[in-house]
Amino acid sequence: MDRQPPRTTSNEIDLYIRTYYSLLRSSGDVRVRAFEEAHLYSASSLHTGALSPDPDLAAFAYSAGRLPECIHQIRRMVLGQSIEQLARAGFPVSTWQTVRSRGRRRPLRWDGSATLAVFVASASDIDDLVPIVAAYQIEWNKLHGRLAASGHPAAALADLDDPSVAEALGTDADGVRLLRAALGGRWGDGLAAIAAHELDLTLRLTDGTFREYQRSAQSWWRAIEAARPELMRRPVYFVSSNTHALANLLGGYAFAHQDQLAEYLRRENTEGLGARLDAALASGDDSVTSNLLYYGLRAYLAAAPGGERVAAVQAHDAQVGITTIESPARIDVAAQVFELARLDPRHMDPRVRMPGMEQLARSKAVIVNIDYPLGMAAYHHLAAVTTGLDEIRGMYIMGKAATLNARVGDVMISKVVHDEHSGNTYLLRNSLHAADVQPFMRHGTVLDNQKALTVRSAFLQNRSYMDVFYREGYTVMEMEAGPYLSAIHETAAPQRHPKGEIVNLTDGVGFDFGLIHYASDTPYSRRQSLLSKSMSFFGMESTYGCALAIARRILRLEIERAG
């Protein structure tokens, strides 16, 4: 039997966590400077240049990408769990502007001046946000120091490509590109703000109770039930993934509008996808054609910001029994409900189809798919889902992860998960296997029988932390599996999940269960990091390989039942 790994391997990380939680108990504003020393000496693997006087542009880019573009105007951040709670604290956020970040689905409201309201769905949002803001401020002030010493006035920074600006920042052309991407569309304003002043942000946590997290999740589930109440008493397959993969595979909009998408890609020459799609169509390659269509569809929808094209996709999906509920109860975790009996096999991805598809017309089951929550929010959301359903036939968790032994784009299927939140090690019977994914992978590798570590935050890990777990055979690092498994344990046991124990779920949990991740980061080997670039089209193979395994598993089980 797998032995229990150490509860923690880094005193520096533990000290950092204790520091910001104790400070945020204050009823007033807390300066981010109060966290900086603990952050600097935590030796975070995502902020390796924290102690260096030279700017760590990768850490700055990672942090900036998870904050809204208005962040260069912000001086104060207030954290709360609901609009009502923030209003009681004196922040009328219902009248504020909704803003978003590129790298986090976290609801944000901006007063148009210097205050940003951040909605937290669980303690994981705090664990995620505090290190992001601390790293952002540390690197901002390094950049400010460089620009101030160079003598460049803020008004002279309109051209980031000016070699003298790059020289003042102590970087090269690659660094300039990274900084431009970090600052977003308003990079000129952002750079001018960095040159103009040091950053001295404050944080205030208005409240942070476990009960309020549960209430928020229950409100979210009630909003989903209210959208399709007649379906929630049916047998359910629950999936946590994203809002595009299953809808594309089972809804078929991209295939039904293949000519329209191909023409758009040829005309716009998006990453040269038009020519690649023509070659795939000519060769009859379903895998490449499908992934190109799905990737092109994303660009096609983004090119019409008014939402008309998104509405057209959802109208098509509705005709085949797919309902999308955007941000239920004002929580930014969208949901989709699929009626299996109404799906049209003619429009499905060819890789999904299998013998017996006609049997689905007799199925009463539905798929409830949600856009995966962050960290501990997964526990609260799944607890709300399981208390609201009569029959669960299957549950499948799909997400991104860092890998300590594989490559970006590989797929990992785990049979053991250690959860840093509960201290539990969960032993699983995973219904997904390498053979379920490998047929859809041409470049990546599929690794099953892996061991996963659920961490508190991407920043809250360092080299010594990873070394110890790597020696214990843990090679997958992610943020949701542990909280999900704690909630799943409570569906099969008469008591709440334990803490600090080995929890054996290999005898089953009363329904089919699958856990699968695709690698988006390699922090141990540093071959590619979350800090460096997005997976872009390269990530389509592994993302859709995972989704295909889940979709085919569900359809196969329902065909067997109906038959």
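The values are calculated or read from the model by the stated rules, or taken from the named source; none is laboratory data. Bear in mind the structure is a predicted one, so any value in this text is a computation, not a measurement. As a convention, Cβ positions derive from the backbone with ideal geometry for all residues, glycine included, and neighbour counts pool all protein chains shown.
In the stretch 66-82, what residues are surrounded by 18 or more Cβ atoms within 10 Å (Cβ to Cβ) and assigned to a loop (DSSP other than H, G, I, E, B)?
Correct list: 66, 67, 74, 81, 82.
Could you please find all residues in the stretch 213-233 being of a type outside the set (A, V, I, L, M) and within 21 Å of residue 126 (Cβ to Cβ)?
Correct list: 213, 214, 215, 216, 218, 219, 220.
Would you check which residues across the stretch 451-471 are more than 18 Å from the chain's Cα centre (by Cα), part of a strand (DSSP E or B) and either modelled with pLDDT under 85 or within 24 Å of residue 122 (Cα to Cα) (or both) and list them?
Across the stretch 451-471, the qualifying residue is only 462.
Among the residues of the stretch 83-102, how many are surrounded by fewer than 16 Cβ atoms within 10 Å (Cβ to Cβ) and under 12 Å from residue 66 (Cα atoms)?
Residues flagged as surrounded by fewer than 16 Cβ atoms within 10 Å (Cβ to Cβ) and under 12 Å from residue 66 (Cα atoms) within the stretch 83-102 amount to 2.
Go through (1) modelled with pLDDT under 95; (2) more than 22 Å from the chain's Cα centre (by Cα) and name the single condition residue 122 misses.
(2) is the only condition that residue 122 fails.
Given (1) surrounded by fewer than 22 Cβ atoms within 10 Å (Cβ to Cβ); (2) β-branched (Val, Ile, Thr); (3) farther than 30 Å from residue 396 by Cα, identify the lone condition not met by residue 209.
Checking residue 209 against (1) surrounded by fewer than 22 Cβ atoms within 10 Å (Cβ to Cβ); (2) β-branched (Val, Ile, Thr); (3) farther than 30 Å from residue 396 by Cα, the one that fails is (3).
Within the set of pairs 6 or more residues apart or between chains, which connect a residue that is aromatic (Phe, Trp, Tyr) inside the stretch 265-293 to a residue that is not in a helix (DSSP H, G or I) with Cβ atoms less than 8 Å apart?
So the pair list comes out empty.
Please go through the stretch 36-60 and pick out each residue that is part of a loop (DSSP other than H, G, I, E, B) and either more than 20 Å from the chain's Cα centre (by Cα) or without any contact (Cβ under 8 Å) to a residue 24 or more places away in the chain (or both).
Answer for the stretch 36-60, where residues must be part of a loop (DSSP other than H, G, I, E, B) and either more than 20 Å from the chain's Cα centre (by Cα) or without any contact (Cβ under 8 Å) to a residue 24 or more places away in the chain (or both): 41, 42, 43, 48, 49, 50, 51, 52, 53, 54, 55, 56.
Residues 227, 247: which one is surrounded by fewer than 18 Cβ atoms within 10 Å (Cβ to Cβ), in contact with a strand residue (DSSP E or B) (Cβ under 8 Å, 6 or more places away or on another chain), of a type in the set (A, V, I, L, M, F, W, C) and in the same structural domain as residue 379 (by TED's automatic domain parsing)?
Exactly one residue qualifies, and that residue is 227.
Please go through the stretch 138-195 and give me each residue that is part of a helix (DSSP H, G or I), modelled with pLDDT under 85 and among the β-branched types (Val, Ile, Thr), ordered by number.
Selection gives 165, 176.
So which of 26, 63, 94 is in a helix (DSSP H, G or I), hydroxyl-bearing (Ser, Thr, Tyr) and either over 20 Å from residue 459 (Cα atoms) or touching a Gly at 6+ places or on another chain (Cβ under 6 Å) (or both)?
Result: 94 is the single residue among 26, 63, 94 that is in a helix (DSSP H, G or I), hydroxyl-bearing (Ser, Thr, Tyr) and either over 20 Å from residue 459 (Cα atoms) or touching a Gly at 6+ places or on another chain (Cβ under 6 Å) (or both).
Return yes or no: is residue 433 in contact with a Phe, Trp or Tyr (Cβ under 6 Å, 6 or more places away or on another chain), surrounded by fewer than 22 Cβ atoms within 10 Å (Cβ to Cβ) and not charged (D, E, K, R)?
no
Before we move on, is residue 390 out of contact with any strand residue (DSSP E or B) (no Cβ under 6 Å at 6 or more places or on another chain), buried (at least 18 other Cβ atoms within 10 Å of the Cβ) and farther than 17 Å from residue 547 by Cβ?
no
From the list 246, 250, which residue is touching a Leu at 6+ places or on another chain (Cβ under 7 Å) and either of a type in the set (Lys, Arg) or in a helix (DSSP H, G or I) (or both)?
250
Of all residues in the stretch 191-237, which are acidic (Asp, Glu) and either touching a residue at least 60 places away in the same chain (Cβ under 8 Å) or under 30 Å from residue 140 (Cα atoms) (or both)?
Across the stretch 191-237, the qualifying residues are 198, 200, 207, 212, 225.
Considering each of 419, 448 in turn, give the residue that is in contact (Cβ under 8 Å) with a residue 24 or more places away in the chain, surrounded by fewer than 20 Cβ atoms within 10 Å (Cβ to Cβ) and within 23 Å of the chain's Cα centre (by Cα).
Answer to the selection: 448.
Quick check on my filter: what residues within the stretch 204-226 are of a type in the set (Val, Ile, Thr) and in a helix (DSSP H, G or I)?
Residue satisfying the conditions is 224 alone.
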